[in-house]
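Notes follow the structure.
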Amino acid sequence: MKLLDLFSGAGGCAKGYQQAGYYVVGVDNEPQPHYCGDEFHQADAFEYLAEHWQEYDAIHGSPVCKGYTVMHNLPWLRDKVYPLQILPLRESLTAIGKPYVIENVMGARWGAKGLAKRGLEAHGMQAGWLCGRMFGLPFYRHRLFETNWLWLAPEHPKHQLNLHPRSERFVYGGTVKGLSGGAAVLDVKPRRGGPLPHNTIETVTRTGTTEPGYGLSQWQKGAQAAGIGVGHAKGWRLAAEAMGVDWMNRAELTQAIPPAYTFFIATQLQNILL
C-alpha cells in the first residue's frame, strides 16, 4: 500500500503509517532533512497532488494549522496571515475520490466559534478526534481526523493528573504510598503553586517508577505533562521521547503528532484498501 503524506513535516504522521506497513512518500514545501518516510519530495503539496495522485492508494494531509489554532487569538498573533488550506485540500481530495485523511487541530472542528468569527465555517472539519490518553500516552494533544470513510475512535479516558519523575516543571513534591488500580497513590505536600486542587492524597496516572517509598519531586496537570507544554523549553527531548518522535529536533516536534495516532488510523484504513 502506497500512501501520499502531504504537508509532511518531519514525519510524525508518516511513522505511524510506516509502522502499519505502508510505503509512505512525503511532500513539503520546506526541506525536511529528518523526514522518516520512504521518500521525500520538496514541492508545493497541491501541485504535487494534481500531478501524482494516480500513483497512490490513499492520501493523508496535515495542512498548516496556525490559521485554525486558538493561539491565533493571542493579541500579538491576530494580525498574522497564515495559509488556510483545509477547504481547498478537502475539495481536491473529494474530486480525486481516493480514501483520504485530513489531520488538524481542534480549533478547526465543525462549528468552532473561532471559525465562525472569521467567516471560515466552510473549513470546519466534521471529524473524529484522538487524544494521547486513548493510547496510554502521558499527554492529551487532541487532533482531528477527517476522512471519506468510516473509522471508530477508542474510548476516551477521563483526563487525570499525570506523573513523570523526570519532568522539569515542578509543582509539588511527595512520596509514593502505594498503587491503586495501576496508578500511583501519592502523599503530596505543597512546594509552590498554591493549595492542592483536591486532597493531600492524589491518585495519578503511572508514567514512570511508582514503587512505594519512591521520592517524587513533582506532579503536574496532565495538559502540562510530558509530550505537551514542554516542546518550547529545555524539556523538549522528554516530550520527543513521550511522543515517540525522538528523531526530531525541537522545532519539528512542536508541529508533530504522535505516530500512535496515524498507526491507529492506518490499521482501519487497511480495511478499505485490502
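The values are calculated or read from the model by the stated rules, or taken from the named source; none is laboratory data. The structure displayed is predicted, hence computed values, not measured ones. Note that each Cβ is placed from the backbone with ideal geometry, even for glycine, and that neighbours are counted across all protein chains shown.
Here are a few things to note about the model shown:
- Taking the criterion of being assigned to a loop (DSSP other than H, G, I, E, B), of a type outside the set (Lys, Arg) and under 19 Å from residue 69 (Cβ atoms), the residues of the stretch 116-163 that qualify are 119, 120, 124, 126, 127, 131, 139, 140, 142.
- When restricted to residues that are in a helix (DSSP H, G or I) and out of contact with any Phe, Trp or Tyr (no Cβ under 9 Å at 6 or more places or on another chain), the stretch 76-111 contains 3.
- For residue 59, the conditions (1) of a type outside the set (S, T, N, Q); (2) within 26 Å of residue 140 (Cβ to Cβ); (3) at pLDDT 95 or above; (4) within 19 Å of the chain's Cα centre (by Cα) all hold with the exception of (2).
- All strands (runs of 3 or more DSSP E) inside the stretch 1-54 with 3 or more residues being surrounded by fewer than 22 Cβ atoms within 10 Å (Cβ to Cβ) and either in the same structural domain as residue 256 (by TED's automatic domain parsing) or of a type in the set (S, T, N, Q) (or both): 39-42
- Taken as a whole, the stretch 20-37 holds no residue that is modelled with pLDDT of 95 or more, polar (S, T, N, Q), closer than 21 Å to residue 130 by Cα and within 21 Å of the chain's Cα centre (by Cα).
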